[in-house]
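Here is the structure we will look at, set down as structure tokens.
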Amino acid sequence: MDTQILDINETSISIASKLIHQGQIVAFPTETVYGLGADTFNEQAVSKIFLAKGRPSDNPLIVHISDNSMLELIAQEISSDARILFDTYMPSSLTVVLKKKSTVPDIVTAGLDTVAIRMPRSSQARIFINACNTPIAAPSANTSGRPSPTDADAVYQDMQGKIPLILRGDKCAVGIESTVISLVDKPIILRPGIVTQTELESLLNKRVDIYSPADGKLVNSPGVRFAHYRPSCATALFITRNTDEVIKYINSIVADRVCVICKQELVDKFGHVDTISLGIDDYEASRNYFGAIRQAEANHDYIVQVFYPEQEVGQSLLNRMTKSAYGNIYKE
Ligand code: AMP
Ligand code: MG
């Protein structure tokens, strides 16, 4: 299959929405990461997403909507907390898990009786969803287990030959995936993101917990089980500002081409190897992270990630880095 990349505009959106109606899948921009979308109510189309990504069938998808009228099509009941979020806060980089309507196919929710719902802040995403005139089920548009794509070229790297169309929009302004909050029971954050615990607690005026697998609490959050964000080369994560330790480690690595990914303030410390700056603060670092990983893996055989969160969003980025480094982690 030929994969076309078209700049997002009225014409390309019209082509994209026709493809969606024909049961095809299309990659599109959002402010978090690029998504790979299908008509939520077309099981065959949704199955193509799992195939293209190599995604395990027990990892549910997020359903994307462009306005509150679509909410009624997928959520069985909209709790008062959900009303607050959808009426006063959306669109946002926030996904809300609610009880699903029986009309939402099982393949979308991996058989759960709940559905994850998001109204993206990106107007490009909402215009696309609105043109499709149906809620769009979409995970990130990467091969399963790989870093999420934050521009159209990264989508092309993974999806070339597997999907008919990529809509090229803005580079993602947020750069990490949405915060996922479940409102099925007591509010609990299943995946941290740019919308923070502090913000959610003040919006809902109540305590909001963050799910941690280490708690041993039983929460249905399938995404936490799977491999995530792995570069194609080896990688390690240092959660520290102590660059001496990192340099010692770099000198001990048996690899020819090492690349350090860190915030701007540390770049000069690693003069003897390649470096990629994540920017000056944790927001910039989140925006640049997945692009930096993809850039580094292209011509290095070891990526050393160095990071120390200084803002709440930095904790969300650290969540991605920790999964990416998969146990090869050094903490101050
Ligand atoms: P992705 O779109 O690849 O970023 O992944 C979607 C994320 O949403 C995964 O972490 C899923 O576990 C989570 N998710 C989707 N649907 C549900 C649901 N019904 N309940 C809990 N988590 C969900
Ligand atoms: Mg993903």
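Please treat every number below as a calculation from the coordinates, not as lab data. Since the model is a prediction, treat every value here as computed from it, not as a measurement. Cβ sites come from the backbone with ideal geometry, for glycine too, and all protein chains shown count toward neighbours.
To make sure I understand the rule: partners must be lysines, Cα under 22 Å from the Cα of K269, and not fewer than 8 residues away in the same chain. Which ones qualify?
K248, K331
How many nm is it between the label spots at K18 and E265, if each spot is 7 Å from the Cα in line with the beta carbon?
Output for this residue pair reads 5.3 nm.
Among the listed pairs K171/K206; K53/K323; K101/K206; K100/K171; K18/K53; K99/K171, give every one whose C-alpha distance is greater than 29 Å.
Violating the 29 Å Cα-Cα cut-off are K171/K206; K100/K171; K99/K171.
Could you give the spread of the C-alpha atoms of the stretch 1-134 along their three principal axes, from largest to smallest, in whole angstroms?
Projected onto the principal axes, the Cα atoms of the stretch 1-134 cover 45, 30, 22 Å.
Can you tell me which aspartates and glutamates have their Cα less than 13 Å from the Cα of K263? Leave out same-chain residues fewer than eight positions away.
Filter leaves D281, D282, E284, E310.
Note the full-extension length gain between S80 and E312 as 0.36 nm times their separation in residues minus their Cα-Cα distance, in nm to one decimal. Write down the numbers at each step before the final one.
On the way: separation 232, 0.36 × 232 = 83.52 nm, distance 2.63 nm.
The S80-E312 span can extend by a further 80.9 nm.
Sorted by mean Cβ packing within 10 Å, highest first, what order do the peptides 96-108, 146-158, 198-210 take?
Descending packing order for the listed peptides: 146-158, 96-108, 198-210.
Starting from the Cα of N242, step 7 Å along the direction of its Cβ; do the same at E10; then give the gap between the two resulting points in nm.
If labels sit at N242 and E10, their model points lie 6.1 nm apart.
First select every other residue whose beta carbon is under 14 angstrom from the beta carbon of T150; then total the charges, Lys and Arg +1, Asp and Glu -1.
Details: positive: R146, R168, K171, R287, R294, R320; negative: E31, D151, D153, D158, D170, E177, E284.
Summing Lys and Arg as +1 and Asp and Glu as -1 gives -1.
Sort 31-38, 53-60, 325-332 for me by packing, meaning the mean count of neighbouring Cβ atoms within 10 Å per residue, highest on top. Mind showing how you got there, number by number?
Values: 31-38: 28.4, 53-60: 16.8, 325-332: 13.0.
Per-residue mean Cβ counts within 10 Å order the peptides as 31-38, 53-60, 325-332.
What is the mean projected area of the alpha carbon convex hull for the chain, to one decimal in square nanometres?
The number I arrive at for the chain is 16.2 nm².
Can you list the residues, at least 5 places off or on another chain, whose amide H is less than 5 Å from the amide H of L165, using H built in the peptide plane?
Q4, A27
Got the relative contact order for the chain handy, in percent, Cα pairs under 8 Å and 6 or more residues apart?
Reported as a whole number, the value is 20 percent.
For D67 and S232, compute 0.36 nm times the residue count separating them, minus their Cα-Cα distance, and round to one decimal in nm.
Details: separation 165, 0.36 × 165 = 59.40 nm, distance 3.81 nm.
Between D67 and S232, full extension yields an extra 55.6 nm.
Expected output is a single nm value to one decimal: the length gained when fully extending between D153 and S57, i.e. 0.36 nm times separation in residues minus the C-alpha distance. What is it?
Result: 32.0 nm gained on full extension.
I'd like to compare 308-317, 258-267, 113-122: which one has the highest average count of other Cβ atoms within 10 Å, and what's the full order after that?
Highest mean packing first, the order is 113-122, 258-267, 308-317.
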